[in-house]
Amino acid sequence: MISLDIKCPSSGMHEKMNLNNLSHLTAYDQLKFVIGNRIDYEYATVIIRKYNPKATVFFQPVWGANLKELSSWILDDDLNVRLGLQLHKIIWGDKREI
């Protein structure tokens, strides 16, 4: 199984992505976009629509992002993606204190 992350504009690394790698993904793989804002969301949406990846697609919000807003965007656009949440951060915050 391949797990491929595509960096979005808010990361500052999106121009370094080799989108040709998307053609190597199969239905057994996963593709993840970390979404920080609406620009990231639209960037990821364009890539999904253009490349139509066979892999399962996850949108993972950055810590502190508005989960309801991202969920609404996904539902409004009828995207076939999964919303991936980092439960450890929801439970313990950005850094777990021991």
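Residues in the stretch 81-91 that are within 15 Å of the chain's Cα centre (by Cα), surrounded by fewer than 16 Cβ atoms within 10 Å (Cβ to Cβ) and either over 20 Å from Ile6 (Cα atoms) or at pLDDT 95 or above (or both): Arg82, Leu83. Here Ile2 fulfils each of the conditions (1) touching a residue at least 40 places away in the same chain (Cβ under 8 Å); (2) within 14 Å of the chain's Cα centre (by Cα) apart from (2).
Residues that are outside any loop (DSSP other than H, G, I, E, B) and not polar (S, T, N, Q) were ranked within the stretch 1-18; the one that is farthest from Glu69 (Cα to Cα) is Lys16. For the stretch 20-52, a residue qualifies if it is crowded, with 17+ Cβ neighbours inside 10 Å and hydrophobic (A, V, I, L, M, F, W, C), and the qualifying residues are Leu22, Leu25, Leu31, Phe33, Val34, Ile35, Ala44, Ile47, Ile48.
Taking the stretch 5-19 as the range and being of a type in the set (Lys, Arg) and either more than 10 Å from the chain's Cα centre (by Cα) or surrounded by 18 or more Cβ atoms within 10 Å (Cβ to Cβ) (or both) as the test, only Lys16 passes.
When the stretch 53-79 is limited to residues that are of a type outside the set (A, V, I, L, M) and within 13 Å of Gln30 (Cα to Cα), the one that is surrounded by the most Cβ atoms within 10 Å (Cβ to Cβ) turns out to be Phe59.
The values are calculated or read from the model by the stated rules, or taken from the named source; none is laboratory data. Because the structure is predicted, anything quoted here is derived from the model rather than measured. Positions of Cβ are generated from backbone atoms using ideal geometry, with glycine treated the same way; all protein chains shown enter the neighbour counts.
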